[in-house]
């Protein structure tokens, strides 16, 4: 379709999770011009595009390159920017505070990859509890492996502790309850007891979750509150045969202290999909241990999830750039300033914000 002269502008670098799926959403949209940028293009060209754009669809943290992180420096070069969108649910690499001060909305794709991440978390629990990692490694390098040295534990009827019971945490809990009749407890200070009950779990405090859980799965965002949330003290408080899984964000776990806990058999094992430094390296302190399953932050990037994230983001951009309230707004406090900024740039005022 031809692009109108007064089209809203939207940019992204290189790939959009599933670029073809995202572009298909825009095929019949005449009032939004989508431009693909390249990291190897002249910096001046990319800055020129950024200075004109109204929206910025950001790549995941692992692929995103400096200087294209959404922060105060980029804001200065993007006077027409009204909104920024993360690729998935995470937004810790976006300077939300700086964008909010500037009147710029931040949105994410929470829930669009929940099935992928929940299945990954469940797969990690099964793999670690059945000692499949140790079995696989030993059978590849040893003759006559003694299978009695690799006795695992079952999930049936055990207690699952969920840290952060949002969409992904809720789906993980649902899978575990349906498949293994697990007893679900959850720690989430931002939800009431009734809200957590509605999500299939019992609300408990953090210390209770650590002490009682046979399996712990972490699905909270990385914030100032959750940074370093799991360290030596927390692993010591867990059961000796506990399985710890994290598919949330690097930095929530103190990696050297987890490595020490695993080496000392303070817990049975762990599954880790996220790291403080990504991409991580073979030199990471966790890599030399056999009672841990590690994956390269790919729990949420299945074929289906990539399409869901791309389509969800594209549809949200259409709503947002046409003046509607986006369904996955990260910083709702920005809305009055956002309305003023949007109106000054776009020439019309967006809708009033309502949680409903």
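Below are the figures for this structure:
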| read-out | value |
| --- | --- |
| Sole exception among (1) within 29 Å of residue 53 (Cα to Cα); (2) at pLDDT below 95 for residue 313, by number | (2) |
| Counted residues, the range 49-63 - those being modelled with pLDDT of 95 or more and either in contact with a helix residue (DSSP H, G or I) (Cβ under 7 Å, 6 or more places away or on another chain) or over 17 Å from residue 113 (Cα atoms) (or both) | 9 |
| The range 79-95, residues that are in contact with a helix residue (DSSP H, G or I) (Cβ under 9 Å, 6 or more places away or on another chain) and surrounded by 22 or more Cβ atoms within 10 Å (Cβ to Cβ) | 81, 82, 83, 84, 85, 86, 87, 88, 89 |
| Test: residue in the range 101-111 that is within 27 Å of the chain's Cα centre (by Cα), under 21 Å from residue 293 (Cβ atoms) and touching a residue at least 60 places away in the same chain (Cβ under 8 Å) | no |
| Among residues of the range 318-334, those that are in contact (Cβ under 8 Å) with a residue 40 or more places away in the chain and in a helix (DSSP H, G or I), counted | 5 |
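The values are calculated or read from the model by the stated rules, or taken from the named source; none is laboratory data. Please read these numbers as outputs of a predicted model, since none were measured by experiment. We place every Cβ from the backbone using ideal geometry, glycine too, and count neighbours over all the protein chains shown.
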